[in-house]
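Q: Handing you a structure now.
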Amino acid sequence: MRTLAAALAAISLQCAAAPFAVQVGETRIGLDAPPGFADTGFTGSPRLMELAEALTPASNKILLFAISDADLRRFTLGDTPELRRYMIAVTPKGLERERVSPAAFGAFVRDSLAALGSPPAAGDLQKYLDSQPPGKTSLLAELRRDPDVVSVLQGTRAPAQRRSSEAPQYALSTTTLMLLRGKALNLSVYTLYENAADLDWVRATTARWVDEIARLNHR
């Protein structure tokens, strides 16, 4: 039975790997997950949907929730996904049926990023996160600022577990706001942070994903 489940999981991964279109108001937007990840929407799993909904405010419509191929395989086999890395794409429901102008997109960017404050001076990333309140998402750097794309890097130190001797856990994420075919999209990439390789990964994956989505919708 487990062999059959593994075969079905492999087929599912192939089906989930292709680009797909989502309807945002009157506009169809092309989306795809980065290499090594798969959108979970095709599974129809309430459990995965609940997880995605916990990652974004109810005022957003989820367009894509992608987990690693390995995690999707674990989930299909009935095992618990590790969820060390994942990504989500959403659009604000209040703007879903609007034709978003560059001015409206600028206001959307300001409102979305206003609470993050200013990035810190260059220094030790882990020490900076240790200086912040546990659970607080802090702005670490601005990665890109164009008229139609704004991307920032953020970090969080997980709250300490009571009576736990484990080392603190850290997470990095990027938020990218895109104006795409008259629609406002919010793309987020998440990873646990253990060393510089995780920082390099989240930066590179974000840049490639944003460029690929722009390419899919260029016409």
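Q: Of all strands (runs of 3 or more DSSP E) completely enclosed by segment 87-186, which ones contain at least 1 residues that are charged (D, E, K, R) and over 16 Å from the mean Cα position of the chain (by Cα)? Even if it seems obvious, please write down each step before you answer.
A: Working: elements: 138-145, 149-157, 170-180.
Passing ranges, in order: 138-145, 149-157.
Q: Please specify each residue of segment 17-49 satisfying the condition of being over 23 Å from Gly78 (Cα atoms) and acidic (Asp, Glu).
A: Of everything in segment 17-49, those that are over 23 Å from Gly78 (Cα atoms) and acidic (Asp, Glu) turn out to be Glu26, Asp32.
Q: Which condition does Thr91 not pass, out of (1) closer than 29 Å to Gly182 by Cβ; (2) in contact with a helix residue (DSSP H, G or I) (Cβ under 7 Å, 6 or more places away or on another chain); (3) at pLDDT 95 or above; (4) not small (Gly, Ala, Ser), if it passes all the others?
A: Failing condition for Thr91: (2).
Q: Is one or more of the residues making up segment 198-205 surrounded by 15 or more Cβ atoms within 10 Å (Cβ to Cβ) and either assigned to a strand (DSSP E or B) or at pLDDT below 95 (or both)? Walk me through it before giving the result.
A: Step one: filter segment 198-205 for residues surrounded by 15 or more Cβ atoms within 10 Å (Cβ to Cβ), giving 198-199, 201-203, 205.
Now drop any that are not either assigned to a strand (DSSP E or B) or at pLDDT below 95 (or both), which leaves none.
No, segment 198-205 has no match at all.
Q: In segment 60-76, which residues are crowded, with 21+ Cβ neighbours inside 10 Å and more than 17 Å from Leu180 (Cβ to Cβ)?
A: Phe65, Ala66, Ile67, Asp71, Leu72, listed by residue number.
Q: Now, a different point. Within segment 149-168, does at least one residue satisfy the condition of being among the β-branched types (Val, Ile, Thr) and within 21 Å of Ala54 (Cβ to Cβ)?
A: The first filter runs over segment 149-168 and keeps only residues among the β-branched types (Val, Ile, Thr), leaving 149-150, 152, 156.
Those left that are additionally within 21 Å of Ala54 (Cβ to Cβ): 156.
Checking segment 149-168: at least one residue is among the β-branched types (Val, Ile, Thr) and within 21 Å of Ala54 (Cβ to Cβ).
Q: Taking strands (runs of 3 or more DSSP E) that do not extend beyond segment 1-86, which have at least 1 residues that are among the small types (Gly, Ala, Ser), modelled with pLDDT of 95 or more and touching a Phe, Trp or Tyr at 6+ places or on another chain (Cβ under 6 Å)? Reasoning before the result, please.
A: Working: elements: 20-24, 27-31, 37-39, 60-68.
Hits in segment 1-86: 60-68.
Q: Let me ask something additional. Say we look at segment 77-86 and pick out the residues that are surrounded by fewer than 19 Cβ atoms within 10 Å (Cβ to Cβ) and in contact (Cβ under 8 Å) with a residue 60 or more places away in the chain; which of these is nearest to the chain's Cα centre (by Cα)?
A: Among those residues, the one meeting the criterion is Arg84.
Q: Any residue that is of a type in the set (S, T, N, Q), at pLDDT 95 or above and more than 24 Å from Gly94 (Cα to Cα) - is there at least one of those in segment 158-166?
A: Kept after step one, since they are of a type in the set (S, T, N, Q), are these residues of segment 158-166: 161, 164-165.
Among the residues that remain, those that are also at pLDDT 95 or above are: none.
No, every residue in segment 158-166 fails to be of a type in the set (S, T, N, Q), at pLDDT 95 or above and more than 24 Å from Gly94 (Cα to Cα).
Q: Something else: Six or more apart or on different chains, Cβ under 7 Å: which pairs go from a residue in segment 193-219 that's under 14 Å from Gln154 (Cα atoms) to one that's among the β-branched types (Val, Ile, Thr) and modelled with pLDDT of 95 or more? Could you list them?
A: These pairs meet every condition: Asp198/Thr191; Trp201/Thr191; Val202/Thr174; Val202/Val189; Val202/Thr191; Thr206/Thr174; Thr206/Thr176; Thr206/Val189.
The values are calculated or read from the model by the stated rules, or taken from the named source; none is laboratory data. Nothing here was measured: the structure is a model prediction, and the numbers come from that model. Reconstructed Cβ throughout: ideal geometry from the backbone, glycine too, with neighbour counts over all protein chains shown.
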